[in-house]
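Heads up: the structure comes next, in structure tokens.
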Amino acid sequence: AQLTAAKIEQSIAKLENGADALADQLRADLGLAPDQPLEVAAEDLPAIADPDSDIADRAVQNSVALKQTASAREASSARLQGERGSRWPTVSIPGQYNVLAKFNNYDEFFNEFQRNNVVAGVQIKIPIFAARASSGIAAAQANFAVAQMAFDAKRSEVSLDARQRVRQRREMEAARE
């Protein structure tokens, strides 16, 4: 019993030292004075009913930060596709419909005046020398690579954070028992 009591006192001292070190680090990070007290309110954390292997997957699926990073990656991918498409010819069909007035005497100045006027055409652009296209594609590829790396890093960060929280929960349950 004395040995168990000594071990408990030792673990309490160890935890208090760790808490003091973390409090000092928190004060330094927040820019507070070293002797200023910290008031921390304890929260009751809800019990997690999911199995541990599912938690990391669900955290990755439901992470808002990961969804934002995925959206940025998709935008970079769309820009890359657009830049690659700039090397291909484009065809456009412009048109214009006019209803002209008779009070400004168009019929006196033009031989064949028509009040309803339609103008249509076809515009074809063939990029023969597109110096901007290759540099735009290279920039878009670099941006896409950066976005892909950011997405992978954020996914691993969210997954690692979820796994760490699962481990902490296991430790807390073991300590509670």
Boolean, Phe113 is out of contact with any strand residue (DSSP E or B) (no Cβ under 7 Å at 6 or more places or on another chain) and exposed (fewer than 11 other Cβ atoms within 10 Å of the Cβ) | no
From the set of residues in the range 125-177 that are closer than 30 Å to Ile93 by Cα and in a helix (DSSP H, G or I), which is modelled with the highest pLDDT?
-> Ala140
Could you please find all residues in the range 68-115 being part of a helix (DSSP H, G or I), among the basic types (Lys, Arg) and more than 30 Å from Ala133 (Cα to Cα)?
-> none
Asp161 meets each of (1) open to solvent by less than 100 Å² (accessible area, probe 1.4 Å); (2) free of Cβ contacts under 8 Å to residues at least 40 places away in the same chain with one exception, condition (2)
Phe144 vs (1) among the hydrophobic types (A, V, I, L, M, F, W, C); (2) under 30 Å from Ser71 (Cα atoms); (3) over 22 Å from the mean Cα position of the chain (by Cα): all pass except (3)
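The values are calculated or read from the model by the stated rules, or taken from the named source; none is laboratory data. Given the structure is predicted, the values throughout are model-derived calculations rather than measurements. As a convention, Cβ positions derive from the backbone with ideal geometry for all residues, glycine included, and neighbour counts pool all protein chains shown. Accessible surface areas use protein heavy atoms only, side chains included; no ligands, DNA or RNA. Shrake-Rupley method; radii C 1.70, N 1.55, O 1.52, S 1.80 Å.
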